[in-house]
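All remarks here apply to the structure that follows.
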Amino acid sequence: MKRSIFTLIIALLFSATSFAQLTGTKSIPGDYPSVQAAIAAINASGVGPGGVTFNLALDYTETFTSPTAGHITTVTGSAASPIVFQKFPLGSNAVITSAAGSSLNMDAIISIAGSDYVTFDGINLIDNPANSTAITRMEWGYAILKASATDGSQNITIKNSVITLNITHTATVGIYANNHTTAVVTQL
């Protein structure tokens with residue numbers, strides 16, 4: 001019985017540390033190999049007191065591997081605990097290239113849905129030139145959307161960024177904000 005209780009306590013300690021919220025300053029690459037990995041970590045763990053800042057290295061480039069790699073979903077920061085992605089140190093902007101899109105009129109390179117106090121500073125977005133059809137092209141660079149009818153995104157800052165999309169697509173918007181979720185464009 002004592003051995004089972006001891007094993008349970010050890011398991012709980014390990015599980016608590018693996019689900020710790022993200023805080024402090026993190027480097028990409030370094031603490032995280034990519035923006036995609038940092039977004040996955042923040043979606044899984046959330047943000048803790050004081051917030052989290054992801055510094056992208058000088059001349060950083062990345063190509064996302066899936067159309068949802070840049071989706072920040074219902075992770076909420078606050079004025080005192082923001083979520084920041086920024087180039088660091090000064091110099092050229094970081095560049096993120098999209099994966100292939102997967103739907104018509106619904107793809108974003110970076111999507112913020114139901115999240116608050118998120119900043120992207122000095123991060124350029126590019127639709128992959130290989131995305132040559134209406135389905136594979138990105139419709140939105142940055143998309144600010146809702147997670148549900150009662151959970152919108154607030155206090156989102158996008159600055160010092162260049163967004164390059166294929167403008168032959170009629171639904172193309174650099175920074176898109178609307179009253180719907182990432183799943184459907186029906187207004188809430």
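Coordinate-derived values only; no laboratory data. Keep in mind that what you see is a predicted model, and the values were worked out from it rather than measured. Positions of Cβ are backbone-derived with ideal geometry, glycine not excepted, and every protein chain shown enters the neighbour counts.
Structural remarks
- Listed peptides 82-94, 147-159 appear in the order 82-94, 147-159 once ranked by packing, highest mean of other Cβ atoms within 10 Å at the front.
- Gyration tensor (alpha-carbon) shape descriptor, segment 41-115, a/c threshold 1.5: oblate
- The spread of Cα positions in segment 75-145, taken along each principal axis and listed from longest to shortest, comes to 42, 31, 11 Å.
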